[in-house]
Amino acid sequence: MGSLNKVPSLVQILTAEILCVLCLSSFVCGVLNTIRPGTFGEEMNLRGIGNWVFYLLGFALFAWLLKETFRPKLKRDSWINPKTGSSSGGEYSFCSTHPSYALADSIVVFFAAFFVWAGWTAQFNVKTFGIMLAIALYFPVSRLFAWYILGLRLTGAEVKKAWQPVLYLVIPFYVVFGLIGAMVLKTEIQTRREIAEAPVIDETFNQETFNKLLDNSQKEKITNLVRLKAKQISDPVLCQNSEKRDFISVLADLGNGGDVLVVGGDYANLGFKEIKEKAENNKGKIIELLGKLKPLPAKSEMKTWFPYCGLDQLPPPKTIRWIFEYYQP
């Protein structure tokens, strides 16, 4: 249990690194925003007492981490039980730095890399997360550089056992997130399979096809995920709702199956950007999108916050008019 008692000291280092990454990345973004305004949005700046308290905390933690790495020592440490206020683990010897701590540092790198990946996947601006990742990578790199290249290392029997508390911290973390990652991967595979197997809606579409594709779990008559491949017969029309959010619509032809109004909005997963990119300068060509198809609802049943842009200006349908709502699983 001696090594297990030392885990709080490693958690202290990780906490300092996480706060340091958050504070210094904000400072770097503020500096770059001052040099080139708007690079990271208006909220990133060097103004305000609150910001500078945050930045100075980052610099103080960075200085402490530098000292622990480049002035290594075997120190006496302990952790306090919050209920009793006494030393629960007793005093113990703890190395201020050790090569195995790079494994613990990798937890901070993992989170920063995750934000970069998540932002990239969601098509967000990941420049801020990239700076966070660069700062996070500094800690394991500098630790190994100081120990092996500069020779700033410790010796002794206690140093040889310094890796043991690292395993108590790192193994449970990566086991848990490994399981979470496996579940996310499974979901991703299922999503890709759903997209690959989505039925195609084209000029062969008819009422019978619609009935076969209905999602019976929904109260309204709407299909499961389908892939629209139809000839675009109008330019995209833009409009806004009462909340000044952007919406878009474009008309496409389904042959004898009627026409379809493709609609989307500037909300999460409503496809405004995707529809706009595919529909611009595409009139007379095939437009292909993922989504769900339903009959044009009566005006009384239309969502007041979701306008169908230009609906009143459209010519009467030849047979039936459908609504295609963008959807990306």
**Flag if residue 189 is under 30 Å from residue 292 (Cβ atoms) and in contact (Cβ under 8 Å) with a residue 24 or more places away in the chain** = no
**Request:** Scan the range 204-226 residue by residue and report those that are exposed (fewer than 13 other Cβ atoms within 10 Å of the Cβ) and either assigned to a loop (DSSP other than H, G, I, E, B) or touching a strand residue (DSSP E or B) at 6+ places or on another chain (Cβ under 6 Å) (or both).
**Result:** 204, 216, 217, 218, 219, 220
**Prompt:** Going by the structure shown, is residue 229 closer than 19 Å to residue 291 by Cα, among the basic types (Lys, Arg) and buried (at least 16 other Cβ atoms within 10 Å of the Cβ)?
**Reply:** yes
**Asked** Do you know which of the residues in the range 268-278 that are assigned to a loop (DSSP other than H, G, I, E, B) and among the hydrophobic types (A, V, I, L, M, F, W, C) is most open to solvent (accessible area, probe 1.4 Å)?
**Response** 268
**Asked** Got a sec? Which of 300, 234, 242, 249 is of a type in the set (Gly, Ala, Ser) and assigned to a helix (DSSP H, G or I)?
**Response** 300
**Complete:** Selection from the range 169-203 of residues closer than 17 Å to residue 258 by Cβ and open to solvent by 80 Å² or more (accessible area, probe 1.4 Å) yields 203
**Message:** Tell me whether the range 246-253 contains one or more residues that are touching a residue at least 24 places away in the same chain (Cβ under 8 Å) and over 19 Å from residue 232 (Cβ atoms).
**Reply:** yes
**Request:** Sort out which residues of the range 20-40 are part of a helix (DSSP H, G or I), touching a residue at least 60 places away in the same chain (Cβ under 8 Å) and open to solvent by less than 40 Å² (accessible area, probe 1.4 Å), and write them in order of number.
**Result:** 20, 21, 24, 25, 29
**Asked** Within the range 49-57, is even one residue crowded, with 20+ Cβ neighbours inside 10 Å and at pLDDT below 95?
**Response** no
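Conditions tested, residue by residue: (1) under 13 Å from residue 260 (Cβ atoms); (2) surrounded by 15 or more Cβ atoms within 10 Å (Cβ to Cβ); (3) out of contact with any strand residue (DSSP E or B) (no Cβ under 8 Å at 6 or more places or on another chain).
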{"site": "280", "(1), (2), (3)": "no, no, yes"}
{"site": "283", "(1), (2), (3)": "no, yes, no"}
{"site": "287", "(1), (2), (3)": "yes, yes, no"}
{"site": "291", "(1), (2), (3)": "yes, yes, no"}
{"site": "295", "(1), (2), (3)": "yes, yes, no"}
{"site": "308", "(1), (2), (3)": "yes, yes, no"}
{"site": "312", "(1), (2), (3)": "no, no, yes"}
**Asked** List, please: which pairs have Cβ atoms under 8 Å, are six or more places apart or on different chains, and start with a residue in the range 312-323 that is within 15 Å of residue 203 (Cβ to Cβ) and end with one that is open to solvent by 100 Å² or more (accessible area, probe 1.4 Å) and in a helix (DSSP H, G or I)?
**Response** 319/256
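The values are calculated or read from the model by the stated rules, or taken from the named source; none is laboratory data. Bear in mind the structure is a predicted one, so any value in this text is a computation, not a measurement. With ideal geometry, Cβ positions are generated from the backbone for all residues, glycine too; neighbour counts draw on all protein chains shown. Just the protein is used for accessible areas: all its heavy atoms, side chains included, with ligands, DNA and RNA removed. Shrake-Rupley method; radii C 1.70, N 1.55, O 1.52, S 1.80 Å.
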